[in-house]
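The values are calculated or read from the model by the stated rules, or taken from the named source; none is laboratory data. Computed from a predicted model, the values in this text were never measured in an experiment. For neighbour counting, all protein chains shown are included, and Cβ atoms are generated from backbone atoms with ideal geometry for every residue, glycine included. Quick note on the areas: whole protein, heavy atoms, side chains included, nothing else; ligands and nucleic acids left out. Shrake-Rupley method; radii C 1.70, N 1.55, O 1.52, S 1.80 Å.
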Amino acid sequence: MNKIFEVPMYPYERHADQDAPSPVRHRVIVVGAGPIGLGAAIDLAQQGIEVVVLDDNDKVSFGSRAICFAKRPLEILDRLGCGQPMVDKGVQWNVGKVFFDDREVYNFDLLPEDGHKRPAFINLQQYYFEEYMVNRVFELQAQGAPIEIRGRNKVSAVGTHPDHVTIEVDTPEGSYNLEADWIIACDGAGSPMRSMLGKDFVGRVFEDNFLIADVIMEADFPTERWFWFDPPFNKGQSALLHKQPDGVWRIDLQLGWDIDKEREKRPENVIPRLKAMLGDDVEFELEWVSIYTFQCRRMEQFRHGRVLFAGDAAHQVSPFGARGANSGLQDTDNLCWKLKLVMEGKAPESLLDSYDVERIHGADENILNSSRSTDFITPKSEISRTLRDAVLDLSEHYEFARPLVNSGRLSVPCTYDGSPLNSADALNGPARSRPGSACPDAPLGDGFLLPKLADKFTLLTIDADAPDVLEESGITVERLALSVTDDKTLALKERYLGDAPSGVYLIRPDQHVAARRPNFDENQFRAAVRRATGQE
Amino acid sequence: MSDQLTLSPNIDGADDFYAELLAVHEGLSKEDSDALNARLILVLANQIGNRAILTQALAAAALKPEV
């Protein structure tokens, strides 16, 4: 049987652009049809902006690759109209176990907070993730949205100009040229776009190899994340076991630096490793095996004129913490509404510089967290191993040491503290919803808050008066009037008011808070709208 | 609680404490002693808790007390 990732989903077809007498100009070209490129394209298309996705491949992700998707990206996917199939298919988990040598030293429960539409995490193979996004593209096409994916269209040259970008595209039937007002480069960690533009990509190399094996087995392991430090079956290294849908288990084994990758990938070498871990009597089938190495690095700037980099093309982290695809989706979430306003002439081009500021802040946070996890998991000196082992030994006996155990700090949304788009916090409210924060979800009767905040500027009033619509400098802000009594669980009050009796929030199209005050003050909120759109 | 690391004598029965510190290492290999020291650092650091004081303690131990 063919695997889903072995069948072309958007096979190459000759396009009229290839026979045009002069290069056809598109409004936005997205390079790369991974999760981030597809996210960008869907976001733009469903807001009416014409977009073409070029992919050097014609299939979804080969193998499971990214498997752990966090709540914030799921909320973004809801906005993009494809969150539900992901959550329906995905495996939810809350419990993690930590093993050291041959013993379990402790276990934890993520104890996700109630009153959110989406779970803290789901595990889902990247090929399903991409399949559901491609399906969403097809659905948008059927509705007449201006979006297309061109398979086996590989960008082979780039030329930048002040008001557009030219590219040369290779196809199975030869090359052709295109122009775009804007390009979003989502072509992965090895980004050819980045190389063709001669941009830097520097950072820290981690000298280690990891074997990923996806195995299909009928095993009675619970739906938990199991992490081993220095286990008997992989002495001196680490190991991870995590469940995916369809009875597929992700096994991740650290191999060290000085290995023969091709040899280690052969089934006759992989299977004994897995048997040592799972036990001789467990029946399993190998679905996919890969060996990866990683670096923690980012581009100095993500915006280069009219070429905007997002996802792994712009920044790369270690896999510990699931901060790759999860942060990439937050890139395009941040970028697309800004690009739309700039393209519509409603905001100055300089608004796009705030994409750099905000997402570089996010990338640095992710690099910091994933580097620290890597340093804990793979100690690089004798003393760092001694201290690491001391933490693990203590964690078995004493609760105090457990917060120091770092097998990955799982992805949470970045708060854009200090962003030039934020207005000063004027509400004595909870820190979690301060300007720059991603809005926390809250229950509203049978529904939830976040779906009401998507794609536009919103004035959220809680027990406060305000006009239903505010027009400022071409930006329309619609009011969402709520009361603390709309949520009997009081989560809305706790997350947005705290001790304050009322609150008014200006919320961006990406569901981040731009400003908040106890009451509606017209001048202050007009200024906040201008500021949030780069006009002040 | 003060945010200032104490660098004046603060241990009652200093000689007794020092003897106890040596005794707990008695008979241990270098590796086991290193591990014990590492655990001790973590236990004591947790007792202190205060991040500012821990930073000063790290600097003091590195013989860079000006930090």
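For every helix of n ≥ 4 consecutive DSSP H residues, a contribution of -39,500 (n - 2.57) applies; sum these over chain A, divide by its total residues, and give [θ] at 222 nm rounded to the nearest 500 deg cm²/dmol.
Rounded to the nearest 500, it is -8500 deg cm²/dmol.
Considering only protein heavy atoms, what per residue accessible area in square angstrom results for the protein assembly as shown with a 1.4 angstrom probe?
Working: 26290 Å² over 603 residues.
Counting only protein heavy atoms, the per-residue value for the protein assembly as shown is 44 Å².
Quote the accessible area belonging to A:SER195 in square angstrom, nearest 10, computed with a 1.4 Å probe and with ligands, DNA and RNA left uncounted.
Here the accessible area works out near 80 Å².
According to a simple spin-label model (label point 7 Å from Cα along Cα-to-Cβ), what is the distance in nm between A:GLU168 and B:ALA19?
So the two model labels end up 8.5 nm from each other.
Which net charge results for the neighbourhood of A:SER175, defined as the other residues with beta-carbon distances under 14 angstrom from its beta-carbon, given Lys and Arg at +1 and Asp and Glu at -1?
Values: positive: A:ARG14, A:ARG150, A:ARG152, A:LYS154; negative: A:ASP17, A:ASP19, A:ASP56, A:GLU168, A:ASP170, A:GLU173.
Surrounding charge for A:SER175 is -2.
Largest first, how would B:LYS30, A:LYS346, A:LYS71, A:LYS235 line up by accessible area (1.4 Å probe)? Walk me through the numbers before you get to the answer.
Values: B:LYS30 145, A:LYS346 80, A:LYS71 50, A:LYS235 120 Å².
Ranked list, largest accessible area first: B:LYS30, A:LYS235, A:LYS346, A:LYS71.
What percent antiparallel are the DSSP beta bridges of chain A, to the nearest 5? List each step's numbers first, then the result.
On the way: 75 of 104 bridges.
Around 70 percent antiparallel, to the nearest 5.
Please work out the FRET efficiency for the pair A:VAL7 and A:ASN269, using the Cβ-Cβ distance as r and a Förster radius of 25 Å; give the result to the nearest 0.05.
0.30
Taking every Cα atom in the protein assembly as shown, find the radius of gyration and the maximum pairwise distance Dmax, and write them in Å.
Using the Cα atoms of the protein assembly as shown, the pair Rg, Dmax is 26.6, 93 Å.
Just how much of A:TYR12 is accessible, in Å², when a 1.4 Å probe is used and the result is rounded to the nearest 10?
50
What is the percent carbon and sulfur in the accessible area of the protein assembly as shown, measuring with a 1.4 Å probe over the protein chains and ignoring ligands? Spell out each step's value before the answer.
On the way: 12950 of 26290 Å².
With neighbouring chains kept in place, the figure for the protein assembly as shown is 49 percent.
Give me the summed buried accessible area for the A-B pair, 1.4 Å probe, to the nearest 100 Å². Numbers along the way, then the final one.
Numbers: alone 21260 and 5710 Å², together 26290 Å².
In total, this chain pair buries about 700 Å².
Using modelled amide H (1.01 Å from N, peptide plane; none on Pro or chain starts), what sits under 5 Å from the amide H of A:TYR106, excluding residues fewer than 5 places away?
Under 5 Å from the amide H of A:TYR106: A:VAL98.
Residues of region B:20-48 that become at least 30 Å² less accessible with every protein chain present than in their own chain isolated, using 1.4 Å: which are they?
At a threshold of 30 Å² (probe 1.4 Å), the residues of region B:20-48 that become less exposed are B:ALA38, B:ARG39, B:LEU42, B:VAL43, B:ASN46.
Near A:TYR127, within a Cβ-to-Cβ distance under 9 Å, what is the net charge of the other residues, with Lys and Arg +1 and Asp and Glu -1? The partial results should precede the final answer.
Values: positive: A:LYS3, A:LYS59, A:ARG65; negative: A:GLU130, A:GLU131.
Net local charge, A:TYR127 excluded: +1.
Could you give log10 I(q)/I(0) at q = 0.21 Å⁻¹ for region A:1-118, computed by the Debye formula over C-alpha point scatterers of equal weight, without solvent?
Each listed q corresponds, in turn, to -1.30.
Please report the net charge: other residues with Cβ closer than 11 Å to the Cβ of A:HIS116, K and R +1, D and E -1.
On the way: positive: A:LYS71, A:ARG72, A:LYS117, A:ARG118, A:ARG495; negative: A:GLU75, A:GLU113, A:ASP114, A:ASP441.
Within the 11 Å Cβ shell, the charges total +1.
Could you state how much accessible area A:LEU404 has, in square angstrom rounded to the nearest 10, with a 1.4 Å probe and all protein chains kept in place?
Number for this one is 80 Å².
Say each of A:ARG432 and A:ASP109 gets a label point 7 Å from the Cα, pointing the same way as Cα to Cβ; how far apart are those two points in nm?
Inter-label distance under the simple model: 1.8 nm.
Can you tell me how much longer the chain between A:ARG204 and A:ASP455 gets when fully stretched, taken as 0.36 nm per residue apart minus their C-alpha distance, in nm with one decimal?
Numbers: separation 251, 0.36 × 251 = 90.36 nm, distance 3.66 nm.
Going from the current span to full extension adds 86.7 nm.
Rounded to the nearest 0.05, what FRET efficiency do B:THR6 and B:GLU26 have when you use their Cβ-Cβ distance and R0 = 25 Å? Walk me through the intermediate numbers first.
Working: r = 28 Å, r/R0 = 1.13.
For B:THR6 and B:GLU26, the calculated efficiency is 0.30.
Probe radius 1.4 Å, ligands and nucleic acids left out: which of A:ILE259, A:ILE462 has the largest accessible area, and how do the rest follow? It would help to have the intermediate numbers written out before the result.
Working: A:ILE259 45, A:ILE462 0 Å².
Result of the area sort, largest leading: A:ILE259, A:ILE462.
How much FRET efficiency would the formula 1/(1 + (r/R0)^6) give for A:ASN135 and A:ASP246, where r is the Cβ-Cβ distance and R0 is 25 Å, rounded to 0.05?
Values: r = 18 Å, r/R0 = 0.71.
E between A:ASN135 and A:ASP246, to the nearest 0.05, is 0.90.
With every protein chain kept in the model, how would you rank A:PHE376, A:PHE400, A:PHE525 by accessible area, 1.4 Å probe, largest at the top?
Details: A:PHE376 25, A:PHE400 50, A:PHE525 0 Å².
Output order, biggest surface exposure first: A:PHE400, A:PHE376, A:PHE525.
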